[in-house]
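The values are calculated or read from the model by the stated rules, or taken from the named source; none is laboratory data. Being a predicted model, the structure only gives us computed values, none of them experimental. Heads up, the Cβs are rebuilt from the backbone with ideal geometry, glycines too, and the neighbour counts pull from every protein chain shown.
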Amino acid sequence: MFIKSIGKLVMVSALVAGFLASSAMAMGNEGSSSVNLVATLRNGPAMRPVDWKIFRVDNNSIVTSTRSHSLSLPLRPGTYKAVAKLNDVTRNRTFTINSSGQVNVVIAMDN
């Protein structure tokens, strides 16, 4: 009897967790926008840690900073500037995020 009750509790918990996850995904995809940033060397992914800073242009605020050869970020609509630094090379790109969709930004880090 006790094991049957535990089994039902586990099944109900799994169903609720699945429902909440699918609801969150549906809400997150509605009007979602993102940017994919990739640093390259010799026409391929840099595969080295690159220092990234992402700024919102209208108020010059830093949205995020990280160290990776690539990253993907959800962003609100607006104009942004990505600054990538690898060793003594610094490059930047300005890009615009619309109300939905994905923007890909590739920055060549070659000397």
note = Checked segment 87-111 for anything under 20 Å from residue 43 (Cβ atoms) and polar (S, T, N, Q); matches are 87, 90, 92, 104, 111
task = Determine if segment 53-66 includes at least one residue that is free of Cβ contacts under 8 Å to residues at least 12 places away in the same chain, touching a strand residue (DSSP E or B) at 6+ places or on another chain (Cβ under 8 Å), surrounded by fewer than 15 Cβ atoms within 10 Å (Cβ to Cβ) and not in a loop (DSSP other than H, G, I, E, B).
result = yes
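Out of all the residues in segment 65-84, which are in contact with a Lys or Arg (Cβ under 8 Å, 6 or more places away or on another chain) and modelled with pLDDT of 95 or more?
Initially, segment 65-84 is screened for residues in contact with a Lys or Arg (Cβ under 8 Å, 6 or more places away or on another chain), giving 65, 69, 78-84.
65, 78, 79, 80, 81, 82, 83, 84, listed by residue number.
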Residue in segment 75-86 that is surrounded by 12 or more Cβ atoms within 10 Å (Cβ to Cβ), among the hydroxyl-bearing types (Ser, Thr, Tyr) and closer than 23 Å to residue 42 by Cα present = no
